[in-house]
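What follows is a single structure, written as structure tokens, with notes after it.
The values are calculated or read from the model by the stated rules, or taken from the named source; none is laboratory data. This one's a predicted model, so the numbers in the text were calculated from it and none came from an experiment. A quick note on method: Cβ atoms are made from the backbone with ideal geometry, for glycine too, and the neighbour counts reach across all protein chains shown. Ligands, DNA and RNA are excluded from the accessible area calculation, which covers all protein heavy atoms including side chains. Shrake-Rupley method; radii C 1.70, N 1.55, O 1.52, S 1.80 Å.
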Amino acid sequence: MSNAIITLTTDYGTNDHLVGTLKGVILKINPDVTIVDITHHVTPYDLLDGALAIGSAFSYFPPKTIHVVVVDPGVGTDRRPILASAENQYFVAPDNGILSLVYERDPNVVVRHANAEHYYQQPVSKTFHGRDVFAPVAAWLSKGWQTAAMGEEIQNYKRFGLPKPKASDGVVKGVVMRVDSFGNLITNFRQEDLSEDAKQSGKVHFQIGTHSVSRLVETFALGNAGEPIAYFGSSGYIEVAVNKGNASKTLALGRGATVTLQNN
């Protein structure tokens, strides 16, 4: 049997000891586990950014992968640590909505309040539950796979809906949900929001901030120098990029910018 896999998705960054400490805790409990970093550069405290990160990545991992997701602005408060089982994978995270895309994908998700404290590292810090709660719960799970032992099943776990484009005054209004490391603007539009004519012709009518985007292309290299182009990103959302450039800087736009679509 292959080694268990534990992934890490956090807003910790990589300049401090935090990520390395999580790995040390996991390996001390289960030295045979394989640890994979998804990202440690989620925008600090940003639950939507974290939800998009894990939502884009988890389905590419083997069954029974354990995902530790720590974006936790409520650390040390009464928010619950949870263990979710969905799509034959496991997720250890704070109960703050960070797993909303996971819940959206699997209506049969099972969520437990991971409050069996004998699995925690003691004493539990008020400010570093990644080390003392989430990492050890994931590591012990990778040894025994006893989800029921981690805590009681709950139904009132927190979730939020991703912002959806809405029709208004003859156009469909959306938003930039995040900016990736290349400066590409990831909108909340999906392929089904475009007309068949637009998809076939490659002619679109997006307005993003004060800029127009009129071409839908298959990939970045089909964009002209300095031209903002639209394309279907690998996570399923329509994105705006500038070939070999940074769309966010070129257009002076970021997360929260209004995007409107006129289908005609």
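Neighbours of Leu185, meaning other residues whose beta-carbon lies under 13 angstrom from its beta-carbon, give a summed charge of +1 when Lys and Arg score +1 and Asp and Glu score -1. Relative to the longest principal axis of the Cα atoms of the chain, helix 18-29 runs at roughly 40 degrees.
Amide H to amide H, with H built 1.01 Å from N, Gln89 comes under 5 Å of Lys64, counting only residues 5 or more places away or on other chains. The calculated pair-distance distribution of region 1-132 uses every alpha carbon pair, bins of 10 angstrom beginning at 0, and gives 12, 47, 37, 4 percent. What's the carbon and sulfur percent of region 7-52's accessible surface, probe 1.4 angstrom, rounded to a whole number? Exposed carbon and sulfur together represent 53 percent of the surface. For region 180-230, the carbon plus sulfur part of the accessible surface works out to 49%, probe radius 1.4 Å. Under the convention that each Lys and Arg Cβ holds +1 and each Asp and Glu Cβ holds -1, the size of the dipole of the chain around its Cα centre is about 180 debye. Helix content alone sets the calculated 222 nm mean residue ellipticity of the chain: runs of n ≥ 4 DSSP H residues at -39500 (n - 2.57) each, divided across all residues, give -5000 deg cm²/dmol. Relative to the longest principal axis of the Cα atoms of the chain, the long axis of helix 135-144 lies at roughly 70 degrees. Starting from the Cα gyration tensor of region 224-264, take the square roots of the eigenvalues, sort them a ≥ b ≥ c, and report rounded, prolate or oblate (rounded when a/c is under 1.5, otherwise prolate if a/b is larger than b/c, else oblate). Taking the square roots of the gyration eigenvalues as a ≥ b ≥ c, region 224-264 is rounded. What the pair-distance distribution of region 129-205 shows, using all Cα-Cα distances binned every 5 Å from zero, is 3, 10, 11, 13, 12, 8, 9, 11, 8, 9, 5, 0 percent. For the chain, with a Gaussian network of springs between Cα atoms less than 10 Å apart, report the residue from Gln121, Gln191, Gln89 with the top mean-square fluctuation. In the Gaussian network model the winner is Gln191.
Basic side chains Lys and Arg get +1 at the Cβ, acidic Asp and Glu get -1 at the Cβ, and with that the dipole of region 109-264 about its Cα centre reaches some 320 debye.
Equivalent-ellipsoid semi-axes for the chain (Cα gyration tensor, √(5λ), whole Å, largest first): 38, 18, 16. Looking at region 1-92, the DSSP beta bridges with both ends there are about 25 percent antiparallel.
The alpha carbons of region 75-156 give a radius of gyration and a Dmax of 12.1, 36 Å, in that order.
Against the chain, whose longest principal axis is taken from its Cα atoms, helix 47-57 shows a tilt of about 90°. Summary value for region 125-264: 26 percent relative contact order, contacts being C-alpha pairs under 8 angstrom separated by 6+ residues.
Could you provide, to the nearest whole Å², the per residue accessible area of the chain with probe 1.4 Å? Result: 49 Å² of accessible area for each residue. Rounded to the nearest 5, the antiparallel percentage of DSSP beta bridges internal to the chain is 75%. Here region 99-154 is assigned +1 on the Cβ of each Lys and Arg and -1 on the Cβ of each Asp and Glu. Its dipole about the Cα centre then comes out at about 200 debye.
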